Amino acid sequence: MLRVDRPQIGRVGKLVAIVLILIIAPMAFFAIGSRAKARTRTFSFAASADSYVSAAHRSQLFGPAPSLRTAGTVAWSYLRFDVTGVVGNVSKTTLRVYARSANRLGFVVNRVQTTAWDERTLSYANAPPVGPVLGRSGPIKSKQWVTVDLLLPADRDGPITLALTATRYSTGWYASRESGATAPQLVVQTVIRRAGPSASPLRPTSDVSCSGICSPGMSRRSGWLRSGDSRPRSLPVPRRLGIRQVTSA
């Protein structure tokens, strides 16, 4: 009858298994640990000053008013936010305002370079110039929060001034900071990455001589592993296991 030899794991086979465990396990640990762990944080800032100006009332002051206004080229609003304590890489900046009226065309958010203005003295006559567009709201429903994504990386501490403007035939009313709970907000989202352990790839050492049976990266005295030598080492191949025929007596 036919009898199949059971595999014999000799000295070489055991060394191969040990080497594979010693190589694969640490490399897997470092590969997992080196993946950057990211978490997000959100920073919210209420408006520190806001007001609107009107071409129809050039010297009138609207700083204490509970509402902000946009009306084509006739009226527009200013908002200032004091950004401080932002940590991480800024991934998103949004403006939130509360709409007191519906507006089919919505409003436009513009950047204003100067921050040296006072809501108590701001009027059409001394209003700072309005800069480039940072975002658009789209259609607005009454008595709802409106969120606009801004092309504005608020990545450093300091004041930021924004303007709310509108197209020629668009008019809207929005809650000012005097309204309390519905005051305008600037929301900054950041990503904080925590790097895992960093290590150079594990490579075999070759500065220790090997006597007897050795495997790649190991010797009787050597262990892990120093980068710098990539010379291959030969490994004795165990005898091939086969099937032999045994004749019964």
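The values are calculated or read from the model by the stated rules, or taken from the named source; none is laboratory data. No experiment lies behind these values; they were computed from the predicted model shown. Positions of Cβ are backbone-derived with ideal geometry, glycine not excepted, and every protein chain shown enters the neighbour counts.
Things to note:
- Residue check, I23 exposed (fewer than 13 other Cβ atoms within 10 Å of the Cβ), at pLDDT below 95 and either among the hydroxyl-bearing types (S, T, Y) or not in a loop (DSSP other than H, G, I, E, B) (or both): no
- Checking each residue in the range 55-68 for being within 24 Å of G180 (Cβ to Cβ) and either polar (S, T, N, Q) or part of a loop (DSSP other than H, G, I, E, B) (or both) picks out Q60, L61, F62, G63, P64, A65, P66, S67.
- Criterion applied to A102, A75, A125 was being over 30 Å from the mean Cα position of the chain (by Cα), within 14 Å of L164 (Cα to Cα) and of a type outside the set (S, T, N, Q), and the one residue passing it is A75.
- 2 or more residues modelled with pLDDT of 95 or more, in contact with a Phe, Trp or Tyr (Cβ under 7 Å, 6 or more places away or on another chain) and buried (at least 17 other Cβ atoms within 10 Å of the Cβ): qualifying strands (runs of 3 or more DSSP E) within the range 69-166: 75-83, 89-99, 158-165
- One residue stands out in the range 167-191 among those that are hydrophobic (A, V, I, L, M, F, W, C) and surrounded by 13 or more Cβ atoms within 10 Å (Cβ to Cβ): the one that is nearest to the chain's Cα centre (by Cα), namely V191.
- Enumeration of residues in the range 172-192 that are modelled with pLDDT of 95 or more, in a strand (DSSP E or B) and among the hydroxyl-bearing types (S, T, Y): Y174
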